[in-house]
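Here's the structure, in structure tokens; my notes come after.
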Amino acid sequence: MIKKAVILAAGEGKRLRPFTETMPKVMLPVANKPLLEYVFDAARKSGMNEIIVVVGYKKEVIMEHFKDYKNVKITYVTQDRQLGTAHALLQAKKHIKDSFIVLAGDNIIDPGSIAKLIKDHSEYSLLIKEHPHTSKYGVVYVENRNISKIVEKPKEDVGKFISTGIYKLPSSVFTDIEQCYSQGVYALSSVIQYLVDKGKHINTILAKSWMDIVYPWDLITVNETMIQATSESTSGTIEKGVTIKGPVSVGKDTKIYAGCYIVGPVVIGDSCEIGPNACIFPSTSIGNNTVIHPFSEIRSSVIMNDVHIASTSNISHSVIGKGCIIGDGFSTITGKTIIEIDNEFKRMGSPIGAMVGEDCIIESHVVVDAGKIIGRKCTISPMKHIRKNIPSESKVM
Amino acid sequence: MCGIIGYVGFRDARTVLLEALKRLDYRGYDSSGVAIIDKKLKVYKEVGEIANVEKQIPLLKGTTGIGHTRWATHGCVTKENAHPHLSCDKKIAIVHNGIIENFTKLKEELKKKGHTFTSQTDSEVIVHLIDEVYKGNLEEAVMASVKKIKGSYAIVAVSQDEPGKIVGIRNESPLVIGVGDSENFLASDITAFLKYTKRVMFLNDGELCVITTQSINVFDKNKKLVRKKEELITWDMKDAEKSGFPHFMLKEIYDQPETVHHVLRGRISEIEETITFPEKVEKLLNTEINSIHIVACGTSFYAGLVGKYLIEQLTNIPVFVELASEYRYFGSRNESSLVIAITQSGETADTLAALREAQLSGCKTLVVTNVIGSTATRISDGYILQQSGPEIGVAATKTFTSQIIVLFLIALKIALLQRKLGSDELYNYIFHMKELPRDVRDVLERSDDIIAIAKNLKDTTSVFFIGRGINYPLSLEGALKLKEISYIHAEGFAAGELKHGPFALLTKDTPVIAIVTQDETYEKILANIGEIKARGSRVIAIAEDSDTEIQNHADFVLRFPASAHVLPCIAITVVLQLLAYHVAHLRKCPIDKPRNLAKSVTVE
């Protein structure tokens, strides 16, 4: 039985800037838990008892967070330069003797799919997923459940299935990786293609639920999905006169003042102060040590740790990075906007608000247009209307 | 200063004891040993690392045993002086932590009665005393023996004739019972057995416990059975492990965004504008306080010095910061003064003694500590926990920053109670205190700049740290951190004092680290930097982001965030810690266990 998993968590996640400027992609919070913790949980629930984590970019953030993670043995190996996934996996070589599972630290996967992968009779197997827009992924062509071809990021949306990057592999794969590595091939999908070319059968299994985060606003949709699993729990103080409906979880030492109206699913971290008379609507997660002042409204948003939101603010479908100080009357305009990404214009399928990077200081009565990204450590003067993206460490006067 | 462990249960005692000793070795580590009852009492001890003992021990079936890591106080580091110590017939073994003050006299008496001593330690007299009165009941013999002893001790004893039983007793040295299922533990520190159980009982001074697989009985001085309450430890083993970091110290530095938040948890409220302490503490602070004495040792002493500036500034109450080892003998005591003792472990012998002295002279006592249930929390009138989690690295890091924050909260609370603080001011302080995690994160983000400076410093033989005002104790702490882990001579000075002597030591090979904040002393410290530069020394300034002038004066500048409005000392401290760490790391020093030092100093 397979007991070891290798989780690749060394990447930066450049497309998720500004949020990944101080933490690796895998540490982005979803329902107040880093993405990587969902992967750890899934690995543990599917029977893994040892996890080897390949870390690189901002590795301290990961190691510090998981110092308390229980029940599985965690070993860290470092990939100093992020050359590619196969190169990342190679760092774990000396810890692997038998067949093992490879997981991507930034994709949420259900434990059932991993269990299916483990039980699969084939020596090599890959979890795949149907996807409407395949061009950002590794497209997998399947014949008789085996991989016939794997094409990384094709120019157009071709094929039907994409690779989840979750594999079951025998330890002999390290020899193949080294072989490819010597020829300058660093991506795991290319190693897999090499194996296919060599005549190896690589079985494919359809994953049940798999989620990827590519752009900052994906955090909102993934948060919305994952927060459904919230169960009601309160360990803080809730004053008389607070209305709570649906599953709402309130952390230790948090205080909710009178007149607040909270509709779950909502997750609120430790040591927060909320209200009086604040409204928190569904699919919102609020990190630790955050303060939300009277008469503010927050919905479908991810508010990270150590944030201050002053009174009469309206934040919807937005992501607010760690340590932001937001003055009163802050308002996000929400809409199905058109966003320019990678020199392409894309109409958003669902409404999005503002993306505010870490440690911004936003003074009172600032309005942000839908889908605009404010970088890390920006300062914005009062009464500003933000109509375009603001790069990190800039001042808007 | 040593670490002790006792085990009785069903597991292989060898494994449990060695495991525990490895956990305890931060308390002292010049030699170690174990005694296991495997039909006969078998003792193995060795100088140096625990692995040296481990190599010697064959596979044994014994499930009862005791162990010890030693940090020499009496007698040099030799195999003979390592614990456990044996009686003449080799049937009784003991381990001891503490100091027996009257051991010379006892030793002479015992020698006359025919006992032969094999070591130079004070501890060995204990086992001979027990042997002298032993008649088949170990607890009675131990109880009778300690009556003759003067000094501090935690003792754990076993006898070959009573396998499956260990006896422990403490007086002014720590000893904790770990409660398991069909097994029980005794140790000087919870971490020793945390892997096996989280249920603990704390012993008071003078209490003796008899432990078997199935029972724990605690007796007071008069041999009366004492009912003890079991307590649950809420932190777990992983906390005490390195979690991928190369050293505990680095992990603990990176812990700080969390610990500076933990120490504030449940204590400040931005919406209500309040600062809350346990009732006992609030009562202590809400009395007439004419002066405050802060007593502490080492890094805690420097936290106290920082606290002096904070408390005096906010409350105008005079604060005297005293080294515990001095205060206990020479300090002035005044009934209307509040004595605040700072001790991370809650077991620092000098600080405890100072605390007792203060109480004897009628002072009210308040303790700032990291360890719940520690002796300090039990003998003081009130205590405030730092809530920093266990700190394993010998060099204190996260506990220092938390101590400063606790002292700041005390200052604010007193100022509030004495109506010296407007609500706007208070709101401002609370608001900005909530930003402390972000300030710390910000500094950690800049570790690459600090590493660059560390490379510049690694081959120097002497470094000066200077600062004015609250930055003066920070320079002392910066120097302490650097010297204790990198073995580079380092000294902290009040910047204005340089020309009154230390200048004589300054050469072009003595880099000076200047802590510069944009306060009323800014011009003065720039002038000091000028004076130093004139003598050809390198100056490395630690300055705010917003300071655009400093680069014209210093050779290098390390920055801390300008947003650190309240307590910039926290961000500065993190810079100093990282600097010391990286210098030591580049010099390949054993960072978590600097030579000759131990984590909690439970001897005087």
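The values are calculated or read from the model by the stated rules, or taken from the named source; none is laboratory data. It should be emphasised that the depicted structure is a prediction, and the values quoted were computed from it without experimental measurement. Because the Cβ atoms are built from the backbone with ideal geometry, glycine has one as well, and the counts that use them run over all protein chains shown.
Only one entry of A:352, A:339, A:326, A:315 meets the criterion of being touching a residue at least 24 places away in the same chain (Cβ under 8 Å) and in contact with a Phe, Trp or Tyr (Cβ under 6 Å, 6 or more places away or on another chain), and that entry is A:352. Checked against the criterion of being assigned to a helix (DSSP H, G or I), assigned by TED's automatic domain parsing to the domain that holds residue A:106, out of contact with any Pro (no Cβ under 6 Å at 6 or more places or on another chain) and within 18 Å of residue A:373 (Cα to Cα), the candidates A:44, A:15 yield just one match: A:15.
Report whether or not residue A:60 is more than 30 Å from residue A:264 (Cα to Cα), free of Cβ contacts under 8 Å to residues at least 12 places away in the same chain and within 14 Å of chain B (Cβ to nearest Cβ). So that I can check it myself, show each step before the final result.
Working: more than 30 Å from residue A:264 (Cα to Cα): yes; free of Cβ contacts under 8 Å to residues at least 12 places away in the same chain: yes; within 14 Å of chain B (Cβ to nearest Cβ): yes.
Spelling it out, residue A:60 is indeed more than 30 Å from residue A:264 (Cα to Cα), free of Cβ contacts under 8 Å to residues at least 12 places away in the same chain and within 14 Å of chain B (Cβ to nearest Cβ).
Residue A:198 meets each of the listed conditions (1) modelled with pLDDT of 90 or more; (2) out of contact with any strand residue (DSSP E or B) (no Cβ under 9 Å at 6 or more places or on another chain); (3) charged (D, E, K, R) apart from (1).
Checking each residue of segment B:446-455 against the condition of being more than 14 Å from chain A (Cβ to nearest Cβ), under 26 Å from residue B:561 (Cβ atoms) and within 14 Å of the chain's Cα centre (by Cα) gives no match.
Tell me the helices (runs of 4 or more DSSP H) entirely within segment B:397-502 that contain at least 2 residues that are of a type in the set (Asp, Glu). Quick ask: steps written out before the conclusion?
Details: elements: B:398-417, B:423-433, B:436-445, B:447-457, B:471-486.
Filter on segment B:397-502 gives B:423-433, B:436-445, B:447-457, B:471-486.
For segment B:237-327, the helices (runs of 4 or more DSSP H) that sit wholly inside it and include 3 or more residues that are within 10 Å of chain A (Cβ to nearest Cβ), under 30 Å from residue A:52 (Cβ atoms) and not basic (Lys, Arg) are B:248-254, B:256-262.
Could you tell me whether segment A:356-375 includes any residue that is among the acidic types (Asp, Glu), outside the structural domain of residue A:19 (by TED's automatic domain parsing) and surrounded by fewer than 18 Cβ atoms within 10 Å (Cβ to Cβ)?
yes
Within the set A:286, A:309, A:303, the sole residue that is within 23 Å of the chain's Cα centre (by Cα), without any contact (Cβ under 8 Å) to a residue 40 or more places away in the chain, buried (at least 22 other Cβ atoms within 10 Å of the Cβ) and more than 8 Å from chain B (Cβ to nearest Cβ) turns out to be A:303. With respect to the conditions (1) within 14 Å of chain A (Cβ to nearest Cβ); (2) farther than 23 Å from residue B:298 by Cα, residue B:582 lacks only one, and its number is (2).
Conditions (1) touching a Gly at 6+ places or on another chain (Cβ under 6 Å); (2) crowded, with 17+ Cβ neighbours inside 10 Å; (3) away from chain B (no Cβ under 14 Å); (4) at pLDDT 85 or above, marked per residue:
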position	(1), (2), (3), (4)
A:193	no, yes, yes, yes
A:202	no, yes, yes, yes
A:207	no, yes, yes, yes
A:211	no, yes, yes, yes
A:224	no, yes, yes, yes
A:246	yes, no, yes, yes
A:251	yes, yes, no, yes
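Would you call residue A:171 assigned by TED's automatic domain parsing to the domain that holds residue A:334 and either more than 27 Å from residue A:27 (Cα to Cα) or without any contact (Cβ under 8 Å) to a residue 60 or more places away in the chain (or both)?
Working: assigned by TED's automatic domain parsing to the domain that holds residue A:334: no; either more than 27 Å from residue A:27 (Cα to Cα) or without any contact (Cβ under 8 Å) to a residue 60 or more places away in the chain (or both): yes.
So residue A:171 does not fit the description; no.
Among what's in segment B:177-207 and is touching a residue at least 60 places away in the same chain (Cβ under 8 Å) and farther than 13 Å from residue B:7 by Cβ, pick the residue that is surrounded by the most Cβ atoms within 10 Å (Cβ to Cβ).
The first filter runs over segment B:177-207 and keeps only residues touching a residue at least 60 places away in the same chain (Cβ under 8 Å), leaving B:180, B:182-189, B:191-196, B:200, B:202, B:204-205.
Checking the rest, the ones that are also farther than 13 Å from residue B:7 by Cβ come to B:188-189, B:191, B:194, B:200, B:202, B:204-205.
Working: B:188: 29, B:189: 25, B:191: 22, B:194: 23, B:200: 20, B:202: 21, B:204: 15, B:205: 16.
The qualifying residue surrounded by the most Cβ atoms within 10 Å (Cβ to Cβ) is B:188.
Among the residues of segment A:63-87, those that are facing chain B (nearest Cβ under 8 Å) and among the aliphatic types (A, V, I, L, M) comprise A:63, A:74.
Of the listed requirements (1) in contact (Cβ under 8 Å) with a residue 60 or more places away in the chain; (2) in contact with a Cys (Cβ under 9 Å, 6 or more places away or on another chain); (3) in the same structural domain as residue A:298 (by TED's automatic domain parsing), residue A:190 misses just one: (3).
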